[in-house]
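So the structure is just underneath, and the comments pick up after that.
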Amino acid sequence: MHLSRRALLTATGATALLGALPTEAIARPRSPQAPPIRQIPLQGAVNVRDLGGYPTYDGSRVRYGLAYRGDHLAKLTDADVTTLAGLGLGTVVDLRIPQEVGYDGADRLPAGAVPVPRPVTDNGLFGQLLTAIGSRDPVRQEEMLGGGRAAAFMREVYRTFVTDPANRAAFAATLRDLADPRRGPLLLHCTSGKDRTGWTGWLLLTLLGVPDSLARADYLASNTFRAAYDARLREGLKQAGLMQNPALIIPLQEVRAEYLDTALEQLRSSYGSVFRYVSDGLGLEFRELLALRARLVPGA
């Protein structure tokens, strides 16, 4: 198949990947309007959604039903498993570290969905959170999480998405799986489905040519989907006497533009551009990026 220069540019995510090119060389969106985010309604998970439907720079839209993102699936009900079975999942990539899996449990999956453990480090976040809460000591909790320390810790977590070789390898493998039709529809998740999963989702949409404003909107949507659950968790910690000031963990529960921007600042510092991060940092070849877009964007 012959691809024009414009098709090649669009296939790599247009502006985000090739920002150094003159603007006239880059395909422009045709009045992109984001569709409603398609949440998969489940009782045992609150942040499972389809990454399809977003418009791309060339006027196409990401296919529905092939790429899903979510929080962990260990607490699914039987009805939830039936709902997931209806998605025809072929692969479920679990980005949690073993400590998280041991705490929450393994995923409950429908028949035919192949689990793929692919841990991405949380830079000690899960352990620190358990230590702070388990101490029941408001002074120690303030020392560990107060004064902007929780948010600063989150920013360091995001830096590891760029700097840690094992993390980069995990992201690369997941993108390759998404490009592979033999994998079937794929769902990727971590514990809350917001940080490691959020970075992977942002990166995928960017590579598919989705405008940055919409890729960011998908990333930030975790706050909406998780708000009620996270508020109940904080109230439960207070009622159980574990935390006098559970608001200390809000920076750990939320996604924030500053977190994503920290990863992008590190990306630019280390690689100069998203394209170099993908090619040099993740080791993805141009043909693999074309395959990813060919599978997930109609007409690519």
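The values are calculated or read from the model by the stated rules, or taken from the named source; none is laboratory data. Everything quoted here is computed from the prediction, not taken from an experiment. Here Cβ is always computed from backbone atoms with ideal geometry, including for glycine, and neighbour counts include all displayed protein chains. Keep in mind that these areas ignore ligands, DNA and RNA; they rest on the heavy atoms of the full protein, side chains included. Shrake-Rupley method; radii C 1.70, N 1.55, O 1.52, S 1.80 Å.
Let's test the formula: R0 of 30 Å, r as the Cβ-Cβ distance of Arg268 and Gln39. What FRET efficiency results, to the nearest 0.05? Once the sixth-power term is evaluated, E becomes 0.40. Taken over the stretch 38-182, the percentage of Cα pairs per 10 Å bin, counting from 0 up to the bin with the maximum distance, is 10, 31, 34, 20, 5, 0. I need the P(r) histogram for the stretch 61-101: all alpha carbon pairs, bin width 5 Å from 0 out to the longest distance, whole percents. Binned Cα distances yield the sequence 5, 17, 25, 26, 15, 8, 2, 0. Computed with the Debye formula from one identical point scatterer per Cα of the stretch 160-238, without solvent, the log10 of I(q)/I(0) at q = 0.16, 0.23, 0.27 Å⁻¹ comes to -0.71, -1.14, -1.31. Dividing the Cα radius of gyration of the chain by 2.2 N^0.38 Å, with N the residue count, gives 1.01. Helix screen, the chain: DSSP H segments with Cα axial length of 24 Å or more and mean Kyte-Doolittle hydropathy at least -1.0 are 212-239.
Exposed loop sites here mean trypsin sites (Lys or Arg not before Pro) with a DSSP loop assignment and at most 14 other beta-carbon atoms within 10 Å; the chain contains its longest site-free run at 137-300.
How much length is gained if the chain between Arg232 and Arg256 is pulled fully straight, taking 0.36 nm per residue apart and subtracting their Cα-Cα distance, in nm to one decimal? Display every interim value, and only then the final one.
Numbers: separation 24, 0.36 × 24 = 8.64 nm, distance 2.00 nm.
Between Arg232 and Arg256, full extension yields 6.6 nm more.
A convex hull fitted around the alpha carbon atoms of the stretch 181-300 yields 136 Å³ per residue.
Entry note, the chain: relative contact order of 25 percent, from Cα contacts under 8 Å with a spacing of 6+ residues. The solvent-accessible area of Met243, taken with every protein chain present and a 1.4 Å probe, is close to 0 Å². Take the stretch 146-273 with all the other protein chains still there, run a 1.4 Å probe, and you get 36 Å² of accessible area per residue.
In the frame of its principal axes, the stretch 107-203 has Cα extents of 53, 30, 19 Å, reported largest first.
Quick one: in the stretch 254-300, what % of C-alpha pairs are over 15 Å apart? The proportion of pairs with Cα distances above 15 Å equals 56 percent. For the stretch 156-202, report the translational diffusion coefficient in µm²/s to the nearest whole number, using Stokes-Einstein at 25 °C, 0.890 mPa s, and a Kirkwood Rh over Cα pairs. Diffusion coefficient, whole number: 216 µm²/s.
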